[in-house]
Amino acid sequence: MRHTISVLVENKFGVLSRIAGLFSGRGFNIESLSVAPTLDSSTSRMTIVTRGDDDIVEQITKQLNKLIDVIKVVDFTRDEEFVEREIVLVKLNAEPSNRAEILRMTEIFRGKVVDVSARTYTIEVTGTEGKVGAFIEMVKPLGVIEIARSGKIAMSRGKKSLG
Amino acid sequence: MKEEAKELTGAQIFVESLLKLKVDLIFGYPGGVVLPLYDELFKYQKPRHILVRHEQGAVHMADGYARSTGRVGVALVTSGPGATNTVTGIATAYMDSIPIVVFTGQVPTHMIGNDAFQEADIVGITRPCVKHSYLVRDTKDLAQTIAEAFYIAASGKQGPVLVDLPKDVLVNQAKFTFPESVELRSYKPNVSAHVKQIERLADALEESKRPVLYVGGGMISANAADELKKLSHHTHAPVTETLMGLGSFPTADPLQLGMLGMHGTYRANMAVSHCDLLVALGARFDDRVTGKIDEFAPHAKKAHVDIDPTSISKNVKVDIPVVSDLKDALKKLNTEIAKRKADWRHKHEDWLAQIAEWKAANKMRYQPKKNIIKPQFVVEEIDRITGGDAIFTTEVGQNQMWAAQFLKLNRPRTFLTSGGLGTMGYGFPAAIGAQAAFPDKIVIDIAGDASIQMNIQELGTAMQYRLPVIVVILNNGFLGMVRQWQQLFHGRRYAYSCTEFQPDFVKLAESYGALGLRVEKPEEVGPSLERAIAARKPTLIDCVVDREENVYPMVPAGAPITKMLLA
Ligand SMILES: Cc1ncc(C[n+]2csc(CCOP(=O)(O)OP(=O)(O)O)c2C)c(N)n1
């Protein structure tokens with residue numbers, strides 16, 4: 001099963017390599033990972049999407065907690081109701097024949113055109129991972145040049161916070 | 001007016017900090033970038049510095065010091081090759097959760113990443129085998145970092161911490177204030193046992209008809225042997241120990257089952273396989289202990305007390321998890337047990353009778369031969385002559401297992417062995433580290449002829465500092481344990497496991513000015529040990545033993561632990 005895990009860490013030298021190393025060294029997989037500082041610049045927040053049965057994910061969260069620089073770990077998929085978002089930039093071949101279709105798809109997915117050139121459109125779509133994935137599938141036949149996905153970020157619903 | 005803190009160089013701050021931490025010994029080896037530091041060690045003349053012969057030796061010595069004293073061991077080396085030479089020692093300490101702090105020199109901060117002379121990314125190289133590590137980037141952070149490093153190494157689940165010290169950090173100045181105490185918001189190591197879980201554990205013990213206490217190295221780290229004895233004696237629950245747990249519970253105690261697992265005793269493996277309650281205390285269900293995991297303690301409810309949540313339910317599903325400092329948990333458990341009205345003495349008499357039967361059926365034994373020294377006999381002689389009042393270390397292989405099987409240990413911290421990593425070359429430097437901590441004790445490394453050659457250069461260290469370690473080589477002319485596996489599982493094809501060339505160990509010892517003795521007959525073993533002990537100087541005893549003796553019982557890797565080869 002896929003799990004979305006948020007990790008609050010000390011914003012210190014080498015933290016990312018400790019976390020990445022933990023995953024590779026113990027054979028856990030990372031499907032996506034996003035990191036950025038929080039309001040308090042001494043901490044960073046990571047969102048990790050991983051896959052594994054319950055025992056493995058339990059080990060992952062315990063092992064993360066064991067790292068000295070990790071302040072808090074929440075496995076959303078297990079513990080909490082949460083909202084998730086991902087952003088994707090998709091650069092497409094924009095030919096006279098498919099421009100209208102690209103714009104129509106962008107409209108349907110409530111995306112935005114963020115860059116236009118003679119031959120290309122770059123579209124931004126934000127939403128759940130599922131929505132972002134669906135958009136990419138829909139525009140693939142239209143001639144995708146490249147994509148950049150942010151990886152998922154997540155936050156619990158209601159009052160709860162990571163810290 | 002508040003006293004202004006003094007400006008000191010990083011090197012001075014280093015020494016001052018170690019003195020604040022009451023470090024009395026450093027095992028080290030100098031080189032370019034740490035020279036400012038060595039200069040200060042020279043000027044201060046403290047802490048005492050022991051010059052090793054190889055940086056791996058320094059780390060094993062710090063480890064031996066830590067295991068024998070319970071205090072943090074300290075190693076200090078230079079950058080690049082000095083740092084990379086520490087890796088095996090650090091990994092050894094990591095696998096066995098031993099508190100050491102390793103200081104490595106580093107090239108100046110502005111040169112890091114430039115492939116400068118003797119630069120190695122030692123923080124990166126050791127990342128998977130340290131509890132934590134630091135690259136100090138500013139002299140003003142140095143004192144705080146050193147305080148944190150010691151705190152982290154020694155608290156919670158203990159382990160090695162590495163502190164990388166760039167040269168400019170040692171040379172630059174900063175105000176020196178040493179933190180009174182360390183608080184880290186991301187690290188809260190002092191966990192105490194949940195009362196509800198302790199009650200559940202007490203219930204389980206009360207209900208159990210066939211309990212076993214399964215004790216690992218955590219018992220020694222937690223200094224909880226007295227509480228264990230109390231628990232076992234009060235509840236009449238028998239105790240089995242892992243290799244790492246040896247010394248937690250006296251070998252001669254009637255409730256002692258001996259070591260379990262691959263080379264465990266018949267009764268320990270049978271008891272674990274038939275018990276209805278297995279209480280793991282600071283043990284981690286390692287594969288060398290469990291054998292085939294699905295058939296490990298198949299009838300037992302399992303409880304697990306451990307300070308490290310990651311080791312609970314990692315390999316084996318546990319019914320009663322207790323995340324706690326072991327001493328705290330056992331104290332609470334003993335209090336709880338004392339309230340219970342169970343007839344502890346009689347409630348599992350049948351079980352103890354069954355264990356006695358298993359014990360009688362298959363004692364730890366070997367076939368003595370008239371003119372050939374059996375390696376087990378050597379260990380028995382060591383035990384007889386020291387009366388167990390010594391610190392023992394081992395190398396890795398058959399020597400290690402025979403030491404584990406035939407020594408009678410009375411106290412924790414008297415059996416130092418590389419359990420998790422199985423590092424050949426560990427025993428001798430670890431013995432030197434222990435001897436440095438306890439100059440008046442008898443310290444004996446039980447060695448194999450191959451292992452001893454991995455760090456034999458430390459004879460120089462032992463001589464220089466007059467550390468009268470005794471090395472007893474069980475010399476079979478083979479990589480014995482490898483040969484045993486090849487004999488049993490690879491059709492007797494002894495592929496590259498015979499050390500066809502050997503040095504003359506006696507002359508080798510003598511070339512260092514140490515005492516060298518060669519022993520070829522069983523009746524010479526005892527006298528040679530007595531001579532070594534009386535000599536009070538580093539001694540190598542080369543015992544020529546039966547070449548193809550095997551360690552039994554043996555559970556083939558991956559088999560259930562009831563499937564023991566007994567001879
Ligand atoms: C550094 C290292 N290399 C290789 C091994 C694999 N190994 C385990 S036991 C052993 C043989 C040890 O031989 P010796 O020291 O003579 O001890 P014996 O088994 O004969 O008592 C070897 C090679 C190891 N444990 N450590």
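When you scan segment A:1-23, do you find a residue that is in a loop (DSSP other than H, G, I, E, B) and of a type in the set (D, E), even just one?
Within segment A:1-23 (the criterion being in a loop (DSSP other than H, G, I, E, B) and of a type in the set (D, E)), the answer is no, since none of the residues qualifies.
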**Filtered residues of segment A:30-58 (kept if more than 11 Å from chain B (Cβ to nearest Cβ), within 21 Å of B:Y134 (Cα to Cα) and surrounded by fewer than 15 Cβ atoms within 10 Å (Cβ to Cβ))** = A:P37, A:S41
**Fill in**
Of the residues in segment B:161-200, those that are touching a Gly at 6+ places or on another chain (Cβ under 9 Å), within 18 Å of B:I307 (Cα to Cα) and within 14 Å of chain A (Cβ to nearest Cβ) come to B:Y187, B:K188, B:P189, B:V191
**Request:** Name every residue in segment A:2-33 that is touching a Phe, Trp or Tyr at 6+ places or on another chain (Cβ under 8 Å) and among the polar types (S, T, N, Q), in order of residue number.
**Result:** A:T4, A:S6, A:N29
**Prompt:** Looking at this structure, is A:D69 open to solvent by less than 60 Å² (accessible area, probe 1.4 Å), facing another protein chain (nearest Cβ under 10 Å) and in contact (Cβ under 8 Å) with a residue 60 or more places away in the chain?
**Reply:** yes
**Prompt:** Here are some residues: B:E510, B:E520. Which one is more than 12 Å from the ligand (Cβ to nearest atom), open to solvent by 60 Å² or more (accessible area, probe 1.4 Å) and without any contact (Cβ under 8 Å) to a residue 24 or more places away in the chain?
**Reply:** B:E510
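Which of the following residues is more than 13 Å from chain A (Cβ to nearest Cβ), surrounded by 24 or more Cβ atoms within 10 Å (Cβ to Cβ) and under 27 Å from B:D121 (Cβ atoms): B:I146, B:I220?
B:I146
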**Request:** Output yes when any residue across segment B:95-118 is within 28 Å of B:V191 (Cβ to Cβ), open to solvent by 10 Å² or more (accessible area, probe 1.4 Å) and assigned to a helix (DSSP H, G or I), and no when none is.
**Result:** yes
**Request:** Filter segment B:127-140 down to the residues that are more than 11 Å from every other protein chain (Cβ to nearest Cβ) and free of Cβ contacts under 8 Å to residues at least 60 places away in the same chain, then identify the one that is surrounded by the most Cβ atoms within 10 Å (Cβ to Cβ).
**Result:** B:K140
**Fill in**
Flagged in segment A:16-29 as more than 10 Å from chain B (Cβ to nearest Cβ) and either buried (at least 16 other Cβ atoms within 10 Å of the Cβ) or touching a residue at least 60 places away in the same chain (Cβ under 8 Å) (or both), in numbering order, are A:I19, A:F23, A:F28
**Request:** Quick one: in segment B:360-381, of everything that is within 28 Å of the chain's Cα centre (by Cα) and basic (K, R), which residue is nearest to B:L260 (Cα to Cα)?
**Result:** B:K363
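Could you pull out the residue among B:V482, B:V472, B:V545 that is within 16 Å of the ligand (Cβ to nearest atom), β-branched (V, I, T) and out of contact with any strand residue (DSSP E or B) (no Cβ under 6 Å at 6 or more places or on another chain)? Don't jump to the end; show me each part of the working.
On the way: B:V472 fails: out of contact with any strand residue (DSSP E or B) (no Cβ under 6 Å at 6 or more places or on another chain); B:V545 fails: out of contact with any strand residue (DSSP E or B) (no Cβ under 6 Å at 6 or more places or on another chain).
Of B:V482, B:V472, B:V545, the one residue that is within 16 Å of the ligand (Cβ to nearest atom), β-branched (V, I, T) and out of contact with any strand residue (DSSP E or B) (no Cβ under 6 Å at 6 or more places or on another chain) is B:V482.
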**Message:** Every residue in segment B:75-105 that is over 20 Å from B:G124 (Cα atoms) and either among the β-branched types (V, I, T) or outside the structural domain of B:G31 (by TED's automatic domain parsing) (or both), please.
**Reply:** B:I98
**Item:** Among (1) without any contact (Cβ under 8 Å) to a residue 60 or more places away in the chain; (2) within 14 Å of chain B (Cβ to nearest Cβ); (3) open to solvent by 10 Å² or more (accessible area, probe 1.4 Å); (4) part of a strand (DSSP E or B) - the single one A:K62 does not satisfy
**Value:** (4)
**Request:** Give the number of residues within segment B:398-413 that are open to solvent by 10 Å² or more (accessible area, probe 1.4 Å) and part of a loop (DSSP other than H, G, I, E, B).
**Result:** 5
**Item:** Qualifying positions in segment B:382-424 - more than 15 Å from the chain's Cα centre (by Cα) and among the β-branched types (V, I, T)
**Value:** B:I382, B:I385, B:T386
**Message:** Need the failing condition index for B:D389 against (1) within 11 Å of the ligand (Cβ to nearest atom); (2) out of contact with any helix residue (DSSP H, G or I) (no Cβ under 7 Å at 6 or more places or on another chain); (3) part of a loop (DSSP other than H, G, I, E, B), just the number.
**Reply:** (1)
**Fill in**
When B:K370 is run through (1) farther than 22 Å from B:L565 by Cα; (2) in a loop (DSSP other than H, G, I, E, B); (3) in the same structural domain as B:F428 (by TED's automatic domain parsing), the failure sits at (3)
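The values are calculated or read from the model by the stated rules, or taken from the named source; none is laboratory data. What you see is a predicted model, and the numbers here were worked out from it, not measured in a lab. Ideal geometry is used to build each Cβ from the backbone, glycine not excepted, and the neighbour counts take in all protein chains shown. Each accessible area value is taken on the protein alone, full model and side chains, heavy atoms only, with ligands, DNA and RNA left out. Shrake-Rupley method; radii C 1.70, N 1.55, O 1.52, S 1.80 Å.
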